[in-house]
1. Examine the stretch 207-217 for a residue that is within 24 Å of ASN88 (Cβ to Cβ) and of a type in the set (Lys, Arg), and state whether such a residue exists.
2. Checking the condition more than 18 Å from GLU229 (Cβ to Cβ) and open to solvent by 40 Å² or more (accessible area, probe 1.4 Å), which residue from LYS155, LYS79 passes?
3. Looking only at the stretch 186-207, decide whether some residue is within 28 Å of ILE81 (Cα to Cα), open to solvent by 40 Å² or more (accessible area, probe 1.4 Å) and either touching a residue at least 60 places away in the same chain (Cβ under 8 Å) or assigned to a helix (DSSP H, G or I) (or both).
4. Please count how many residues of the stretch 134-161 are among the hydroxyl-bearing types (Ser, Thr, Tyr) and out of contact with any Lys or Arg (no Cβ under 7 Å at 6 or more places or on another chain).
5. Tell me yes or no: at least one residue of the stretch 292-299 is out of contact with any Asp or Glu (no Cβ under 8 Å at 6 or more places or on another chain) and not in a helix (DSSP H, G or I).
Amino acid sequence: MSRFMKYGVSLGLMMLCACGKSSSFEGQKKEGAAAGAETSPAGGNAPGSAPAEKPIIPISVGDRPIEQVLCEDGFKLLKLIEKSSSLNEDFSLACTPDKTTALFQELIGKAYAGTGDPNVKLVQFKVGDLFVTRMIVAYAMKVPLADPSMFYSLKVHDALASGIQEKNSEVVGLVESRKNFPGRRSVEEIILNYSLNKSEGGGLFDKRRTEFNTYLLNESSTDVVLATEELLGAETNKTYHDYKGLLLGLKAEPGYTYLVFINDFTIKNRIDPLRLQRTLIALSQGMQKKMYNFFTSKGAPK
C-alpha cells in the first residue's frame, strides 16, 4: 500500500467573499487593485499564460519532471472525472498540455514561506451588468510538509473553524462531512460550509456550501496531487453565482511542499466591487498566514 493510501490527502482552503453595498463604484474604479494584490499585465482580464521555458522544481516522478506530470496528467484527470469546462480553463492558467506556464512559475517564485506579506495575484477582475463580478486570484505557498499527502493526518480544513481574520474582515469555515474514497478517483471528499461574517468592519451574512475533492495524479507517487472545489446549490444561493477552485500540490524539495491556489468566482447582488476585491485579497493573505502557522504548530515534519 502506498504511503498516500495510508495517510490520504486533504488539500487547500479555497475562499471567496461578497461585500456590502455602495453607490460609489464609479469613483472607486480609478483606485486600481487592492493593497497587497498584483494585477495581470492584461489589465485584470485573464490572459492565456505562455508556457515556461523549462521546469524550475528539481523533482521528478518516474522519468518525468514533476511539472510535466502535473500538466499532462492533470488535464487527463479533469477530462476523466468530467469536471466543468471552466475548471479546465482555470487549470490552463497553470499548465499547457505538457509544461507549466510563466504564471505558475511566477507564483512559485513568490511563494509564501512564513515571513513577509503573502503574495496574491489578481488574474482577472471583471464587472458586468448589474454588478455581477468575476474575479480570479492565484497564489502559492511553500510549507514544511514532506509531501502533499501529509495533509490528511493534519486535517487542515479544521483550522477554519476558528475563522480567518485579516484587515477587519472575517470568514469562518466548518467541515460538514468527510468521506474517504467516494469514487471517481477522489481519495477524499469534504463538504464545507463557509460564512463571511465581516467585510472591512461591516457585518455580513453571506453563506456558501462547497464540495472539495482531492486526486492523486500518479498512483505510485505521493509527490503531486490536484484538488478541486465547487459551489453546491448555486441555483438558490443569493450571493454566489458560481465558484470553482483548484489546488495543486507538488513536492518542492526534501521536507517541503508547494501549494498553488487558483480561485475563480462570480458574485452577484453586491454593488461595491472594489470593496469585494479588497476583502478577498485580505482574506487570501490571512489564510496563507493561518495555514502556515497551523502546519508549524502541529510539528509538521521537515
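The values are calculated or read from the model by the stated rules, or taken from the named source; none is laboratory data. Values in this document were obtained by computation on a predicted structure and should not be read as measured data. For neighbour counting, all protein chains shown are included, and Cβ atoms are generated from backbone atoms with ideal geometry for every residue, glycine included. These accessible areas exclude ligands, DNA and RNA; they are computed on the full protein's heavy atoms, side chains included. Shrake-Rupley method; radii C 1.70, N 1.55, O 1.52, S 1.80 Å.
1. Quick first cut of the stretch 207-217, residues within 24 Å of ASN88 (Cβ to Cβ) only: 208-217.
Within this subset, residues satisfying the condition of being of a type in the set (Lys, Arg) are 208-209.
Yes - at least one qualifying residue is present in the stretch 207-217.
2. Working: LYS155 fails: more than 18 Å from GLU229 (Cβ to Cβ).
LYS79 is the lone residue from the list that is more than 18 Å from GLU229 (Cβ to Cβ) and open to solvent by 40 Å² or more (accessible area, probe 1.4 Å).
3. Looking only at the stretch 186-207, we keep the residues that are within 28 Å of ILE81 (Cα to Cα), and these are 186-194, 207.
Checking the rest, the ones that are also open to solvent by 40 Å² or more (accessible area, probe 1.4 Å) come to 193, 207.
If we keep only those that are either touching a residue at least 60 places away in the same chain (Cβ under 8 Å) or assigned to a helix (DSSP H, G or I) (or both) as well, we get none.
No.
4. Number satisfying all stated conditions: 2.
5. Kept after step one, since they are out of contact with any Asp or Glu (no Cβ under 8 Å at 6 or more places or on another chain), are these residues of the stretch 292-299: 292-299.
From the residues that got through so far, the ones that are not in a helix (DSSP H, G or I) too are 298-299.
Yes, because at least one residue in the stretch 292-299 is out of contact with any Asp or Glu (no Cβ under 8 Å at 6 or more places or on another chain) and not in a helix (DSSP H, G or I).
The rows are residues; the columns are (1) over 23 Å from LYS207 (Cα atoms); (2) modelled with pLDDT under 90; (3) open to solvent by 40 Å² or more (accessible area, probe 1.4 Å).
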| site | (1), (2), (3) |
| --- | --- |
| ASP98 | yes, no, yes |
| PHE104 | yes, no, no |
| GLY109 | yes, no, yes |
| GLY116 | yes, no, yes |
| ALA140 | yes, no, no |
| ASP147 | yes, yes, no |
| SER162 | no, no, yes |
| GLY173 | no, no, no |
| ARG178 | no, no, yes |
